[in-house]
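In what follows, a structure is listed as structure tokens, so that the remarks can point back to it.
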Amino acid sequence: MDVLSFVIVGHVDHGKSTLIGRLLYDTGSLPPDKIQEVRKASAGRGRETEFAYLLDHLEEEREQGITIDTTQVFFKTDSRRYVIIDAPGHVEFVKNMITGASQAEAAVLIIDVAEGIKEQTKRHSYMLSLLGLHQVVVVLNKMDLVGFSQERFDAVKKDAQQWLKSISIEPFFYIPISAINGDNIAAKSDKMTWYTGPSFLESLDSLKNAQPPQDKALIFPVQDVYKIDGDRIIAGRVEAGVLRANQLVKVLPSGQTTKVTSIQKFPSRVELAVAGESIGITTEDPLFLDRGDVLCTPDAEPTLTDTFDATIFWMSKNEFKKNKKITIRCATQETTAKVERIDSRIDSSTLDILERDAGTLKNLEVGQVTIKTKAPLVIKSFNDVRELGRFVFVEGDNICAGGIITCDK
């Protein structure tokens, strides 16, 4: 069966964890002892059965009523298997949310219909746009709090449509739900007969699996090199195209060419590997390859440059200053870099331009920037090959920014 991974995002307390817990409950994906555990935990806090406890494993999360880390949950329908990524909504955990969303093929944006669109609703949906997630389902939760009103649903839906259109997201569905009661989750609700669209589960089954870019030119970043039984095994993941045994490849940044003599996909050798597969290879010439090298098709290689334009999202409480030295990681490549120009500072929850030709970026701000690296990087536009089109900035052991490459100079 196909496996589809999707992330659920939205403002804190709008019901992400409850939605997932209810979905698991309604699809029979929970053992009886787990249901009893949830009921006991809910009763101990004087609440009705709170399905969010299924996702909020940490005691700290249960006490505060927020999701702190991303949680992966697995279930299946007759159509396919699913990996659900529950991302935190609290402003302090935006980095965790982006980590979860970057692993997904689709997204569910949840909005409390009583509260409407909030700051994190906008920030999270903007992150989905930057990450290139275009398969989006919007669920308007807590319909029970507004008497299952079609008028309220239509009003919030209109607000959401206007905002999402401004960031180039066109959701597949807008679904009214009550996650805590199970309305329109696994089955259509008799409390909203005015709604004629799919249930939440039906909307998921209509989503498509992302197709690896096999039709593009070869991109194979080297992750590591191992010596096994006298052979140098070059390990990595094919990010684009097809790699075949006896194929001539070019190595960047050195520019050398060599022939692939074998492809090993545990536990045996194979004749070819396609985009999305992690493999090991051997080459004809005893080239000294290392982590960060990129194998590609001669005459169809990606860009090798030390200067490019990008959009970055700053995630550190420490202010970032232009021309400050910082570590950049792109695919398996790593070097130092500086931001030579901040063309604009942008409020990530309103998209308002705060300053042109800025000197700094502050926490949760977006910057349109020009980056200069110490050593040339092998890159592609994010819309072409994602793995070579996105990067992170690192200070010490902390990821302080994520970015996507818009073009090279």
Legend entry - Pairs, first assigned by TED's automatic domain parsing to the domain that holds Gly21 in the range 195-206, second surrounded by fewer than 17 Cβ atoms within 10 Å (Cβ to Cβ) and assigned to a helix (DSSP H, G or I), C-beta under 6 Å, six or more apart: none
Legend entry - Tally of residues being outside any loop (DSSP other than H, G, I, E, B) and either among the aromatic types (Phe, Trp, Tyr) or at pLDDT 90 or above (or both) across the range 379-388: 2
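Residues checked against (1) under 30 Å from Pro212 (Cβ atoms); (2) of a type in the set (D, E, K, R):
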{"site": "Arg341", "(1), (2)": "no, yes"}
{"site": "Thr370", "(1), (2)": "no, no"}
{"site": "Ala375", "(1), (2)": "yes, no"}
{"site": "Val378", "(1), (2)": "yes, no"}
{"site": "Asn383", "(1), (2)": "yes, no"}
{"site": "Glu387", "(1), (2)": "yes, yes"}
{"site": "Asn398", "(1), (2)": "no, no"}
Inset, instruction - Would you check which residues across the range 271-301 are in a strand (DSSP E or B) and either of a type in the set (Gly, Ala, Ser) or closer than 24 Å to Ala210 by Cα (or both) and list them? - result: Leu272, Ala273, Val274, Ser278, Ile279, Gly280, Val294, Leu295, Cys296
Inset, instruction - Count, please, the residues in the range 193-246 that happen to be among the hydrophobic types (A, V, I, L, M, F, W, C) and on the phi > 0 side of the Ramachandran plot. - result: 0
Legend entry - Residue, modelled with the highest pLDDT, within the range 201-250, restricted to residues that are within 19 Å of Leu4 (Cα to Cα) and touching an Asp or Glu at 6+ places or on another chain (Cβ under 6 Å): Glu239
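The rows are residues; the columns are (1) at pLDDT below 95; (2) touching a Ser or Thr at 6+ places or on another chain (Cβ under 8 Å); (3) surrounded by 14 or more Cβ atoms within 10 Å (Cβ to Cβ).
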site: Pro267; (1), (2), (3): yes, no, no
site: Glu271; (1), (2), (3): yes, no, no
site: Ala275; (1), (2), (3): yes, no, yes
site: Leu287; (1), (2), (3): yes, yes, yes
site: Ala300; (1), (2), (3): yes, no, no
site: Asp306; (1), (2), (3): no, yes, yes
site: Met315; (1), (2), (3): yes, no, yes
site: Arg329; (1), (2), (3): yes, no, yes
site: Gln333; (1), (2), (3): no, no, yes
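The values are calculated or read from the model by the stated rules, or taken from the named source; none is laboratory data. Predicted, not measured: the structure shown is a model, and the values here were computed from it. Positions of Cβ are generated from backbone atoms using ideal geometry, with glycine treated the same way; all protein chains shown enter the neighbour counts.
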